[in-house]
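The values are calculated or read from the model by the stated rules, or taken from the named source; none is laboratory data. Keep in mind that this is a model prediction, so the values were computed, not measured. For accessibility, only protein heavy atoms count, side chains too; no ligands or nucleic acids. Shrake-Rupley method; radii C 1.70, N 1.55, O 1.52, S 1.80 Å.
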Amino acid sequence: AVSCNQNDVRAAIGNASDGDTVLVPAGNCKWDNRLIITKGIYLKGAGRDITNLTGNLSSTYLVTYEPWNYSANRAFRISGFTIDLANNFSGIALGYGSKVAPFVLQTNIRIDHNRFINGQTKTHHAIWNYARMFGVIDHNQIENVSYHTRADAGVTSSYWDYFTFNFGKEDNLYFEDNVFLG
């Protein structure tokens with residue numbers, strides 16, 4: 001992307017194909033709308049506290065991954081950002097959107113090396129696993145966020161069967177080496 005401006009990031013994602021990495025440079029950018037990603041890409045910031053995104057939103061997410069048209073399991077990753085929730089919105093939603101429909105289970109999700117801050121209201125959270133996305137959430141720092149993570153809405157009772165851990169299996173969402181403060 002040319003900059004961390006939301007329109008520049010959206011344009012870079014539009015030009016990307018599944019499997020591509022979209023690099024977002026250092027900067028402090030305020031986003032006014034939700035960024036919807038439908039491709040299996042790696043969205044990579046320049047680093048925590050280097051690529052800083054603050055939302056000017058209310059009651060929504062800054063970034064959502066919505067793979068509704070997928071007929072295959074795609075890799076999706078976000079890392080290297082500080083996301084300031086500004087006490088008025090949430091961070092990243094996996095499988096969020098108006099289409100809660102069957103799709104190929106996504107087991108190659110990774111959210112890593114990010115920092116989420118300032119989410120003190122009881123309705124906002126850093127990461128929401130909305131629709132059976134599996135992989136790993138690791139090396140994030142989540143500070144002063146009332147609801148760190150959430151995994152519930154839009155899923156059937158069979159989803160909860162995955163909570164019987166089969167260590168090493170791909171049908172779980174793992175949390176490793178994260179720091180929770182506040």
I'd like the accessible area for residue 124, computed on protein heavy atoms only with a 1.4 Å probe and all protein chains in place. Round to 10 Å², please.
20 Å²
130, 147, ranked by accessible area, largest first (probe 1.4 Å)
147, 130
